[in-house]
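Enquirer: If you scroll down you'll find the structure; I have some questions about it.
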Amino acid sequence: MSLEIVVQSLASGILMGFVYALIAAGLSLIFGLMEIVNFAHGEFLMLAMFTTFWVWALGGVDPLLALPLVAGLLFLVGALVYRGIISRILGAPMLAQVFATFGLAVFLRSAAQFLWTPDFRLVRDPWVGGRLPLFGVYVGAPQVAAAAAALAAFGALYWFITRTETGLALQATAQDRQAAALMGIDPERMFALGWGIGAACVGVAGALLANFFYVFPDVGGLFALIAYVTVALGGFGNVPGTLAAGLLVGLVEVLVGLWVPAFKYVGVFGLYLAVVLWRPQGLLGRF
């Protein structure tokens, strides 16, 4: 196997790692805020990709142009899911919380299959296409654009959480909601905002993935599993840690797939099991 192929695979893994990190960031934010795992996270991604596809198919709008619209729509979906479902089960047993988001995932996936059939769809001839030279190797231009946009979105999220008053209020609510309430912070508003931002991150990732990935009702399943692994590796609730974990997952996926293509995801989940057994709080721990 030539060195060029290895380098090209590493570059592809890093580019996809940024997208994985952005998908996982929304999941990590919600867990860090409320300690609830959103099992419908992959279905949110599926909705974002289908929205991007239909905006392109019906309106001729390129996925990159549709990105703000998709992110805004998913923000509303996340906030409405919190108001309509999650807020009603906050004091319920953990199993009720699990079944609520899992049931939502089943409903969304089944509704997508009913409305749009299980067919695979693809955005053809997007603005960003072809291949680009990168450090002596060629990589897909859509993947480069997706990685750059994902990194920018991740940076904006980190800045919002750590440098704005609302972001600091989110952190305060995550650390102690009772104390935050005594300081004048409305936990309900923060929870709804956290779900909205988490879903918006998935909306951005979905619009970027629709540039080069097939769109179908079950598309969110695999990405959701990778997102759970990424969150566990980076540390539950550790949003910055998901960036490093996403890059690590992307690299492991391509390196294992390079030598044993049929077992590339076995390598990812094997890494997850090793980290969980060695360091259950994740590589970087709680943020």
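Enquirer: For residue 6, state whether it is of a type in the set (Val, Ile, Thr), surrounded by fewer than 20 Cβ atoms within 10 Å (Cβ to Cβ) and outside any helix (DSSP H, G or I).
Expert: No: the conditions fail for residue 6.
Enquirer: When you scan the range 49-63, do you find a residue that is aromatic (Phe, Trp, Tyr), in contact with a strand residue (DSSP E or B) (Cβ under 7 Å, 6 or more places away or on another chain) and in a helix (DSSP H, G or I), even just one?
Expert: Scanning the range 49-63, I find at least one residue that is aromatic (Phe, Trp, Tyr), in contact with a strand residue (DSSP E or B) (Cβ under 7 Å, 6 or more places away or on another chain) and in a helix (DSSP H, G or I), so the answer is yes.
Enquirer: Which residue, of 215, 204, 231, 239, is touching a strand residue (DSSP E or B) at 6+ places or on another chain (Cβ under 7 Å), in contact (Cβ under 8 Å) with a residue 60 or more places away in the chain, crowded, with 20+ Cβ neighbours inside 10 Å and at negative phi?
Expert: None of the other options fit; the residue is 215.
Enquirer: Still on this structure: Of the residues 105, 100, 96, 24, which is surrounded by 19 or more Cβ atoms within 10 Å (Cβ to Cβ), without any contact (Cβ under 8 Å) to a residue 24 or more places away in the chain and not charged (D, E, K, R)?
Expert: Among 105, 100, 96, 24, only 100 is surrounded by 19 or more Cβ atoms within 10 Å (Cβ to Cβ), without any contact (Cβ under 8 Å) to a residue 24 or more places away in the chain and not charged (D, E, K, R).
Enquirer: Taking residue 181 and the conditions (1) under 15 Å from the mean Cα position of the chain (by Cα); (2) part of a helix (DSSP H, G or I), which numbered condition does it fall short on, given that it satisfies the others?
Expert: Every condition holds for residue 181 apart from (1).
Enquirer: So, in the range 185-199, of the ones that are of a type outside the set (Gly, Ala, Ser) and more than 15 Å from residue 48 (Cβ to Cβ), which residue ends up nearest to the chain's Cα centre (by Cα)? If you could, list the steps in order and put the result at the bottom.
Expert: If we filter the range 185-199 for residues that are of a type outside the set (Gly, Ala, Ser), which is where we start, we get 185-191, 193, 195, 197.
Then drop every residue that is not more than 15 Å from residue 48 (Cβ to Cβ), which leaves 185-191, 193.
On the way: 185: 27, 186: 26, 187: 24, 188: 23, 189: 22, 190: 20, 191: 18, 193: 17 Å.
Taking the candidates together, the pick is 193.
Enquirer: Further question: Quick check on the range 207-218. Is at least one of its residues of a type outside the set (Phe, Trp, Tyr) and within 28 Å of residue 87 (Cβ to Cβ)? Write out each step before concluding.
Expert: If we filter the range 207-218 for residues that are of a type outside the set (Phe, Trp, Tyr), which is where we start, we get 207-211, 215, 217-218.
Filter again for within 28 Å of residue 87 (Cβ to Cβ), leaving 207, 217.
For the range 207-218, residues of a type outside the set (Phe, Trp, Tyr) and within 28 Å of residue 87 (Cβ to Cβ): present.
Enquirer: Sticking with this one: Scan the range 145-156 for residues that are among the aliphatic types (A, V, I, L, M) and either out of contact with any helix residue (DSSP H, G or I) (no Cβ under 6 Å at 6 or more places or on another chain) or on the phi > 0 side of the Ramachandran plot (or both) and report the count.
Expert: Result for the range 145-156: 4.
Enquirer: Now, a different point. Can you pull out the helices (runs of 4 or more DSSP H) entirely within the range 188-287 that have at least 3 residues that are touching a Ser or Thr at 6+ places or on another chain (Cβ under 6 Å)?
Expert: 219-234, 239-259
Enquirer: Could you grab the pairs with beta carbons closer than 8 Å, sequence gap of 6+ or different chains, first residue in the range 129-152 and in contact (Cβ under 8 Å) with a residue 40 or more places away in the chain, second one exposed (fewer than 13 other Cβ atoms within 10 Å of the Cβ) and among the charged types (D, E, K, R)?
Expert: If the second residue must be exposed (fewer than 13 other Cβ atoms within 10 Å of the Cβ) and among the charged types (D, E, K, R), the pairs left are 136/4; 137/4.
Enquirer: Next question, about the same structure. Return the residues of the range 98-139 that are more than 20 Å from residue 51 (Cβ to Cβ) and at pLDDT below 90; say none if nothing qualifies.
Expert: 98, 129, 130, 131, 132, 133, 134, 135, 136, 137, 138, 139
The values are calculated or read from the model by the stated rules, or taken from the named source; none is laboratory data. Source: prediction; values computed, not measured. In this analysis, Cβ positions are derived from the backbone assuming ideal geometry, glycine residues included, and neighbour counts consider all displayed protein chains.
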